[in-house]
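Scroll down for the structure; my scribbles are underneath it.
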Amino acid sequence: MTLNENIKQLRLARNLSQVDLAKKLGVTKQSISNWENNNIQPSIDMLIRLSNYFSVSTDYMLGLEERKFIEINGLTERQLAHIMAVINDIRGGKS
């Protein structure tokens, strides 16, 4: 996927409107629309902010890798164990 497709896909996956995402990033709705329609590209600083907001790498945003990450800092070992159990269950019990 391309950057514009990834921005839109990640936004929609979180049930955010363009206005919602714009507010969270401190930009205009028009900026989000322009990025998603591939009219303009976000700045490098904004790419980093987008990556941080969506908890993905900049390489993922740019379509250079397909791995996704989950931010787990601050969770207890018990909480992490629950998350891993859910992930394993979704994968069909595979480790």
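What the table shows:
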| quantity | calculated |
| --- | --- |
| Cleavage-rule hits (chymotrypsin sites (Phe, Trp or Tyr not before Pro)) in segment 1-78: DSSP loop, at most 14 neighbouring Cβ within 10 angstrom | F69 |
| Label-point separation, N52 to L75 (7 Å along Cα→Cβ), nm | 2.1 |
| Packing-based order for 71-79, 25-33, 3-11, using average beta carbon neighbours within 10 Å, highest first | 3-11, 25-33, 71-79 |
| For the chain, convex hull volume per residue from C-alpha positions, Å³ | 118 |
| Eligible aspartates and glutamates near K24 by straight Cα distance, threshold 17 Å, same-chain separation 8 or greater | E36, D45 |
| Nearest-0.05 FRET efficiency for V19 and R67, computed from C-beta distance (R0 35 Å) | 0.75 |
| Surface share of carbon and sulfur [accessible, 1.4 angstrom probe, percent] for the chain | 52 |
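The values are calculated or read from the model by the stated rules, or taken from the named source; none is laboratory data. This one's a predicted model, so the numbers in the text were calculated from it and none came from an experiment. Because the Cβ atoms are built from the backbone with ideal geometry, glycine has one as well, and the counts that use them run over all protein chains shown. Each accessible area value is taken on the protein alone, full model and side chains, heavy atoms only, with ligands, DNA and RNA left out. Shrake-Rupley method; radii C 1.70, N 1.55, O 1.52, S 1.80 Å.
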